[in-house]
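See structure below.
The values are calculated or read from the model by the stated rules, or taken from the named source; none is laboratory data. For clarity, every value in this text was computed on a predicted model and none was experimentally measured. Note: ideal-geometry Cβ built from the backbone for every residue, glycine included; neighbour counts use all protein chains shown. In case anyone asks, the SASA skips ligands and DNA or RNA and just uses the protein heavy atoms, side chains included. Shrake-Rupley method; radii C 1.70, N 1.55, O 1.52, S 1.80 Å.
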Amino acid sequence: MASSSKTEQKKMLILKSSEEEEFEIEESIAVQSGTIKNMVEDDFTLIPLPNVDTETLIKIIKYMKKHGEKTKSNEKDIEEFDKEFVKKSFTELKELVLAANYLHITSLIDLLCQAFADRIKNKSVKAIREIFGIPNDFTPEEEAEVYEQHKWAHEEGKEHIDHSAY
Amino acid sequence: MEFSQADYMNDDSEGWDDNSPTIFKGFSSAITTQRHGLEKLADYGFKIDAYQNHEFPTHIIREGDKKIKDVVKEHVLPFLPAKSLMRFKAVSKEWDKWIACPLLSHQQSFSCKSFSGYFCQDMKMEWDTETMFLSLDHSTSGVPCPALDFLPEVVKILSSCSGLLLCQGSEKYYVCNPASQDWKMLPLPQCYHGEEPAVALAFEPSLRNIEAYYHVICAFPMLGQPIIGFEIYSSESNTWSCSSAYCTDIENPRLVGGGFYMNGVAYYETKSNEVLAFDVKVEIPAIISLPDQVGRHGSLTQMEGELCYVAANNECGNVFLIDIYQGMEMILKRTVSVTLGPDRSFTQACKVLPCVNSDAVAIQSGQYIHFYHISEQKVESIASSFTMGHGKKFLPYTNSLAMLHELKEP
């Protein structure tokens, strides 16, 4: 039971998904989540996360583990990881951003939201409503007025020429 | 409130609904999974006390109930460029109201930093300056009136920074945000700035401070002497003040108009190979020598957050050789050879344009402006409405909703 003075026994936590699956994680890595940090301060070691399903929790743990080992030398490596991390479907991203928000992992929220912004910025109003399930509560007259007020924002303008497979 | 053993053990964790606090679900699982011996059980025992003495944080429960559209509204919208945001006002009444809110404009001015395109002016005729906005992507970035007609007079654009433009009419300076069409006329300066003033607009949106003030720094030659003086305008005090610092080291004090600001320093180009730098905070000038061998078609620019000088040459066909010099010492950091645009047999004159918040090198050649992204090694091109020639100014612009704050009268 006695641990040697050379090796520190790392405190482990257990995260439990909504589907009751448990994952062991080092406390020092898990506290990247503000929510988990609060619960650790209240002496929880088993953290139930009923809002996060297993698949999403696995991805989040992967992110936290990668960012937990951040040093000055592997910045590029982490940048690459982040770039690949957001190459996911809208459905996956939605689940991830809800979970990141619930878990209060600021860097992940920013990463996911920037990715979302880049993917939705050129979409139409109708597409936005569909993707996020937002009902249109304007009357036809009100909607026409909003369009008219910001007509310039709804205009496409000239196409730009793209020479590369962008 | 007392937790008896009976309550949570009988809790049906299957049929829980959204309104019951998370506390119960956690509880039953804590007791049923008795695993690692006495220590773990003791942990759980301690947790029971914790539940009794502290409330399960309600703000955590509330975050869990948030729907995707709420999270998007709160966290994604600030990353969108102004044109997309204005378009999305038509999504719903809630979004219409929220997007008009100063708090969102403030968040967006801080979060949306991406390079959106160029404001350009053709200065060939004094009385007829044609002003345009060349957008990198017309569906996401733009302004209602690129010609800046909302200003009281025709202006020349002198400098741009974080979504704001510094312009000059026949006499007066104006600072404006072309996306929101908010503008302010500056008081007249005390010193004479010259026919084509070397002025830089300095503006850094701050997350914490909704009232982020801007500065205008003018470098002007003292008449008849090889000395450069500086005059600084602060929007906080709404006044100009002359700096006690002077630059006497400059060989050829013929400043080119305009200037740009980056990381606390204002930079002014001269007609020779020198660049005048002025640290705004401590008011200390310095001279940067540009590499001798480069031609006159390079440009100071910002790459990866650092000051760079980029020179490019069309070697043959559509092959360009790009040299990137970095830092105050202007050390050659990288040379790349890249193909830009359609293949052709002749070479063309080209010009490097400045960029901000981007890892791209911008080169105008023929009818296009090509953006070569260094890290991804990809090229993106837009049509340039102007043909090559002197007297055309390209100012990099960020489609932000930054607000102009001024000192409120008591």
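Inter-label distance, A:Asp137 to A:Glu41: 3.5 nm, where each label sits 7 Å from its Cα along the C-beta direction.
Count Lys and Arg as plus one, Asp and Glu as minus one, and take only other residues whose Cβ is under 12 Å from that of A:Glu145; the net charge is then -2.
Computed on protein heavy atoms with a 1.4 Å probe, the accessible areas place B:Ile157, B:Ile210, A:Ile131 in the order B:Ile210, A:Ile131, B:Ile157, largest first.
A Förster distance of 41 Å, applied to the separation of the beta-carbon atoms of B:Gln377 and B:Glu251, puts the FRET efficiency at 0.60. Restricting the count to DSSP beta bridges whose residues both fall in chain A, what percent are antiparallel, rounded to a multiple of 5? That works out to approximately 60 percent antiparallel. Summing charges over all other residues whose Cβ lies under 14 Å from the Cβ of B:Ser243, with Lys and Arg as +1 and Asp and Glu as -1, gives -2.
For A:Leu98, the solvent-accessible surface with a 1.4 Å probe is about 50 Å², rounded to the nearest 10.
Report the net charge of residues surrounding B:Gln225, where surrounding means a beta-carbon distance below 15 angstrom and charges are Lys +1, Arg +1, Asp -1, Glu -1.
Details: positive: B:Arg254; negative: B:Asp249, B:Glu251.
Local net charge: -1.
Taken across both chains, chains A and B shield about 5600 Å² of accessible surface from a 1.4 Å probe.
The slack between B:Lys67 and B:Arg334, meaning 0.36 nm per residue of separation minus the straight C-alpha distance, is 91.4 nm. Within the full protein context, the accessible area of B:Lys351 is estimated at about 50 Å² for a probe radius of 1.4 Å. Accessible surface for B:Tyr213 stands near 60 Å², nearest 10, in the context of the full protein assembly shown (1.4 Å probe).
Taking all protein chains together, B:Phe133, A:Phe116 sort by accessible area into B:Phe133, A:Phe116, largest first [probe 1.4 Å]. Pairs exceeding 25 Å between alpha-carbon atoms, taken from B:Lys93/B:Lys113; A:Lys76/B:Lys67; A:Lys72/A:Lys94; B:Lys89/B:Lys113; A:Lys10/A:Lys37: B:Lys93/B:Lys113; A:Lys76/B:Lys67; A:Lys72/A:Lys94. Taking the C-alpha atoms only, the angle from helix A:90-103 to the longest principal axis of chain A is near 50 degrees. Ranking of B:Cys242, B:Cys101 by solvent-accessible surface, largest first: B:Cys242, B:Cys101 (1.4 Å probe, protein heavy atoms only, all chains present). Annotation note: GluC sites (Glu not before Pro) in the stretch B:116-225 located in DSSP loop regions with a Cβ neighbour count of at most 16 within 10 Å are B:Glu126, B:Glu153, B:Glu171, B:Glu195, B:Glu211. Leaving out ligands, DNA and RNA, what percent of the accessible area of the stretch A:31-100 is carbon and sulfur, probe 1.4 Å? In the stretch A:31-100, the share of accessible area belonging to carbon and sulfur is 49 percent. Shown for the stretch B:132-238: the carbon plus sulfur share of the solvent-accessible area, taken with all protein chains present and a 1.4 angstrom probe, equals 52%. Hey, can you find the accessible area per residue of the stretch B:94-249 for me, probe 1.4 Å, expressed in square angstrom? Heavy-atom accessible area per residue stands at 43 Å². Remark: spin-label model distance B:Ser234-B:Lys184 equals 1.3 nm, labels positioned 7 Å along the Cα→Cβ axis. Residues in chain A average 57 Å² of solvent-accessible surface per residue, probe 1.4 Å, ligands and nucleic acids excluded. Summary value for the stretch B:197-287: 24 percent relative contact order, contacts being C-alpha pairs under 8 angstrom separated by 6+ residues. Sequence-ordered 3J(HN,Hα) estimates for the stretch B:334-343 from the Karplus curve with 6.51, -1.76 and 1.60 and θ = phi - 60° stand at 7, 10, 10, 10, 9, 8, 10, x, x, 5 Hz, glycine and proline given as x.
Which is the longest part of chain A that has none of the GluC sites (Glu not before Pro) sitting in a DSSP loop with at most 16 other Cβ atoms within 10 Å? In chain A, the maximal stretch lacking such sites is A:70-154.
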